[in-house]
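Everything below concerns the one structure shown next.
The values are calculated or read from the model by the stated rules, or taken from the named source; none is laboratory data. What you see is a predicted model; the values in this text were computed from it and never measured. Reconstructed Cβ throughout: ideal geometry from the backbone, glycine too, with neighbour counts over all protein chains shown. For the accessible areas, the whole protein counts, side chains as well, though only heavy atoms, and no ligand, DNA or RNA atoms are used. Shrake-Rupley method; radii C 1.70, N 1.55, O 1.52, S 1.80 Å.
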Amino acid sequence: MTQTVAVLGTGKIGEALLSGMIRAGWRPADLLVTARRTERAEELRARYGVEPVTNAEAAKRADTLILAVKPQDMGKLLDELAPHVSADRLVISAAAGITTSFIEDRLTSGTPVVRVMPNTPVLVDEGMSVISAGSHATTEHLAHTEEIFGGVGKTLRVPETQQDAATALSGSGPAYFYFLVEAMTDAGILLGLPRAQAHDLIVQAAIGAAVMLRDSGEHPVKLREAVTSPAGTTISAIRELENHGVRAALIAALEAARDRSRELASGNG
């Protein structure tokens with residue numbers, strides 16, 4: 001960990017990466033940050049002991065640049081960085097829908113670019129970050145990216161052609177579970193439970209089910225069948241879910257998310 005890494009655009013995701021890297025053993029002296037507001041920059045200095053710099057200075061000094069700005073701000077940021085980024089730098093983009101070719105075309109020819117789609121559970125070190133190599137990124141660049149994002153959860157390498165599908169499943173995925181918990185909480189209230197109790201019951205059921213899925217290695221069908229006794233409560237509920245087309249609705253929803261990701265990547269915002 002002797003390289004200098006700069007996080008450009010240190011919002012929630014950028015700060016999560018920063019704190020995760022420090023917990024993983026990166027020295028604050030090797031980390032640079034940029035922020036739009038001076039008070040935000042000083043807040044990060046006080047909290048983590050890192051050095052706030054300008055975007056141009058970050059491009060000149062850092063070996064690795066992590067672009068954690070909003071997608072609509074990426075073009076302007078690249079215009080600012082381009083005169084200062086040499087082809088021996090690694091550029092990592094954490095902006096949804098921004099392709100590696102979009103970045104490569106605006107920087108020095110041959111600059112290695114890696115695209116990452118993290119999801120919001122990186123804020124609690126339980127994220128999934130999907131990683132794809134650009135035209136000039138090597139396996140070493142991918143490993144370095146995994147080292148950084150591994151501090152806030154798991155990582156998965158995929159071809160960039162699969163990034164839109166990964167965005168639909170993983171990037172947007174937490175929202176689907178929040179939506180499900182919201183609906184189940186309302187159902188609990190309808191069944192006579194206070195909201196707080198219904199919420200606690202569902203959240204713990206979700207955590208327990210997720211841990212079993214992760215740690216047991218069992219197929220979800222087998223785990224579901226273990227809860228589903230003949231003529232019991234669970235099978236009655238599942239029958240209603242199937243009757244209302246919940247499975248088909250989920251598939252359609254994820255297809256819509258994938259298609260929207262493609263639109264954003266093509267510039268049709």
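Observations on the structure shown:
- Per-region count, segment 115-141, residues assigned to a helix (DSSP H, G or I) and polar (S, T, N, Q): 2
- Glu255 being closer than 26 Å to Thr167 by Cα and not in a helix (DSSP H, G or I): no
- From the options Ala168, Ala249, residue that is surrounded by 14 or more Cβ atoms within 10 Å (Cβ to Cβ) and among the small types (Gly, Ala, Ser): Ala168
- Each residue in segment 1-54 was checked for being assigned to a helix (DSSP H, G or I), within 25 Å of Glu140 (Cα to Cα) and open to solvent by less than 70 Å² (accessible area, probe 1.4 Å), and 12 of them qualify.
- Total residues in segment 59-74, condition open to solvent by less than 10 Å² (accessible area, probe 1.4 Å) and not in a loop (DSSP other than H, G, I, E, B): 6
- Per-region count, segment 201-219, residues surrounded by 13 or more Cβ atoms within 10 Å (Cβ to Cβ) and either among the aromatic types (Phe, Trp, Tyr) or under 25 Å from Gly188 (Cβ atoms) (or both): 7
- One residue stands out among those in segment 223-262 that are more than 19 Å from Ala187 (Cβ to Cβ) and among the polar types (S, T, N, Q): the one that is farthest from the chain's Cα centre (by Cα), which is Ser229.
- Which listed residue, of Glu126, Glu146, Glu160, is open to solvent by 40 Å² or more (accessible area, probe 1.4 Å) and out of contact with any helix residue (DSSP H, G or I) (no Cβ under 9 Å at 6 or more places or on another chain): Glu146
- Against the list (1) in contact with a strand residue (DSSP E or B) (Cβ under 7 Å, 6 or more places away or on another chain); (2) touching a residue at least 40 places away in the same chain (Cβ under 8 Å), the condition Asp30 fails is (2).
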